[in-house]
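See below for the structure under consideration.
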Amino acid sequence: MPNSSKQLNQTFLHNVEPQSEIPVVNYPTYNRENIEIGIVHLGLGAFHRSHQAVFTEQLLNLQNGGDWGICGVTFRNQALQTQLQKQDNLYTMAVLDVQHSFQVVGAIKEVLVVKTQVQDVLGRMAAGTTKIVSLTVTEKGYCLNSAGKLDESLPGIIQDLKTPANPTTAIGLLVCALHMRFKQGDKPFNVIPCDNLPDNGHKLKSAVLQFAQQQSKELAVWIEQHVQFPNTMVDSITPQTEPETIDLIQEKLGFTDTAPVQREQFSQWVIEDCPEMERPEWEKVGVIFTDNVASFEHAKLRILNGLHSALAYIGQLKGYQSVFEAISDKQIKAFLINLVDNEIIPTITPPKGLDLHNYSRAIIARFENPKIKHLLSQIANDGSVKIPVRTLAPIQSNISAARSYQSLSMVVAAWIHFIRQSYINDKVLNDPRAQDLISAVAQFKDNDEQDVASFLSLKGLLPESLENNESFLLSVQRAYKEVL
């Protein structure tokens, strides 16, 4: 085993033997110094580093290089930038399963921070060598309102519209950098969103165009005609990195890595096929290109993400902290199986070749991986954005088809209880509408029917078809009494 005092960096990488004595670790096999940056990624969190960057890493290894290096952009996280720069932007991706495996990733060549280096970020995005800008900024990073349009009342958007040359939001950055390319007479980059938002490419394009029209009508027309925004679906459970993982890497691999990421074995990326888009040949490493992203997306959002939200709220109400702990409760597992079989799967048209029953059971098995400590509190964040997509949308489908939605109503009720408990226990609620939600539950009078009706009447919380639906209201009111 290598000397345990060594720090992961480029010098260490140069001294690694081609055939490592540790069979479970893979190192970059290409020359990092010879690859150019072709991708700028906004939102350099754990998910990007364990997912899209790893697919790119695998392709660079397969092709022995190529000009698809990544500039990773974080909005505020200067600590991550410092950690990665200390390691020459190398880091380890740990797959935690029955047998652990490790990949040292070298695809990220540069790390920038919007808060302190916005002009450097824009310069990199505007560079002619940048072909793709990708995003993992969470659903709320798209700055959309309940109608799916750009929310021009958000402070960040208001500020970016006032000072478009110094943007702070993802939308502002995209429009500013595209405007720079437009004025330079360069071809535009294309934009690949990688967040759990249905129809994410179309919604992002709409938001970008709405913003751009206020800067220049000519710019908006140019973006409309020349920039591709493919819809995508991404999937791999990536919890926050635990100190134990840092220790595991030190013990097993013999070097120090202060910025590793950890994930499960399963990883999937589905991208809408845009023939004219210049891109890496990701299909060679398992990325699916299709003209039917929506079917994959609906299956994943409603089954995986829908069950995740159910676990997050019901599990925490029962005192559990992680997905593994919650799914180990036989009552909760039985609830999830009933939920998915009877109220989620019937709302989905499966993509060709995907058996939804088998897919759902595989997902539940993924939840049962004891090596992955995925915190329920992490999944519970941003409920006002996630619940409409993961829970209310299938409720609408079931109402239209006159099917049951009792268990889905239980998830909505558990979410309301979760917000109420956050208020009572004075815990921070991580949600773009936190102030509205907390204000609503603060007015509860311990009258379940009135409390639920008051909460669900919050402006913009429900889609229009549910706002005055008496049957839906009664179902959530009943569930609210039963969930605890």
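The values are calculated or read from the model by the stated rules, or taken from the named source; none is laboratory data. Because the structure is a prediction, the values reported are computed rather than measured. Don't worry about glycine lacking a Cβ; one is built from the backbone with ideal geometry, like all the others, and counts go over all protein chains shown.
What number of residues within the stretch 348-389 are in contact with a His (Cβ under 8 Å, 6 or more places away or on another chain) and over 20 Å from Y313 (Cβ atoms)?
3
Here are E343, E368: which of them is touching a helix residue (DSSP H, G or I) at 6+ places or on another chain (Cβ under 7 Å), of a type in the set (D, E), surrounded by fewer than 16 Cβ atoms within 10 Å (Cβ to Cβ) and on the phi < 0 side of the Ramachandran plot? Can you show your working first?
On the way: E343 fails: surrounded by fewer than 16 Cβ atoms within 10 Å (Cβ to Cβ).
After ruling out the rest, the residue left standing is E368.
All but one of (1) at pLDDT 95 or above; (2) over 27 Å from N231 (Cβ atoms); (3) of a type in the set (D, E, K, R) hold for R49; state the number of the condition that does not hold.
Answer for R49: the failing condition is (2).
So which residues in the stretch 253-280 are closer than 24 Å to N64 by Cα and in contact with a Leu (Cβ under 7 Å, 6 or more places away or on another chain)?
P280
Could you tell me which residue of the stretch 228-283 is nearest to K352 (Cα to Cα), considering only residues that are in contact (Cβ under 8 Å) with a residue 60 or more places away in the chain, aromatic (F, W, Y) and surrounded by 17 or more Cβ atoms within 10 Å (Cβ to Cβ)?
Top of the filtered list is W269.
Looking at Q250, Q210 in this structure, which one is in the same structural domain as T82 (by TED's automatic domain parsing), at pLDDT 95 or above and not hydrophobic (A, V, I, L, M, F, W, C)?
Numbers: Q250 fails: at pLDDT 95 or above.
That would be Q210, the only listed residue that is in the same structural domain as T82 (by TED's automatic domain parsing), at pLDDT 95 or above and not hydrophobic (A, V, I, L, M, F, W, C).
Enumerate the helices (runs of 4 or more DSSP H) found wholly within the stretch 264-351, keeping only those where 1 or more residues are polar (S, T, N, Q). Even if it seems obvious, please write down each step before you answer.
Details: elements: 293-299, 306-317, 323-327, 330-339.
Ranges flagged: 293-299, 306-317, 330-339.
Table: residues versus (1) at pLDDT 95 or above; (2) over 29 Å from the mean Cα position of the chain (by Cα).
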{"site": "A414", "(1), (2)": "yes, no"}
{"site": "V452", "(1), (2)": "yes, yes"}
{"site": "P463", "(1), (2)": "no, no"}
{"site": "N469", "(1), (2)": "yes, yes"}
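What are the pairs, 6+ residues apart or on separate chains, where a residue within the stretch 416-439 that is farther than 19 Å from P388 by Cβ has its Cβ under 7 Å from a residue that is modelled with pLDDT of 95 or more and small (G, A, S)?
Y423/A442
So which helices (runs of 4 or more DSSP H) are wholly in the stretch 422-484 and hold at least 2 residues that are of a type in the set (S, T, N, Q) and assigned by TED's automatic domain parsing to the domain that holds V385? Steps first, answer last, please.
Numbers: elements: 434-442, 448-456, 464-467, 470-482.
Counting at least 2 such residues, we get 434-442, 448-456, 470-482.
Looking at (1) in contact with a strand residue (DSSP E or B) (Cβ under 6 Å, 6 or more places away or on another chain); (2) buried (at least 18 other Cβ atoms within 10 Å of the Cβ); (3) at pLDDT below 95; (4) not hydrophobic (A, V, I, L, M, F, W, C), find the lone condition where N196 falls short.
(1)
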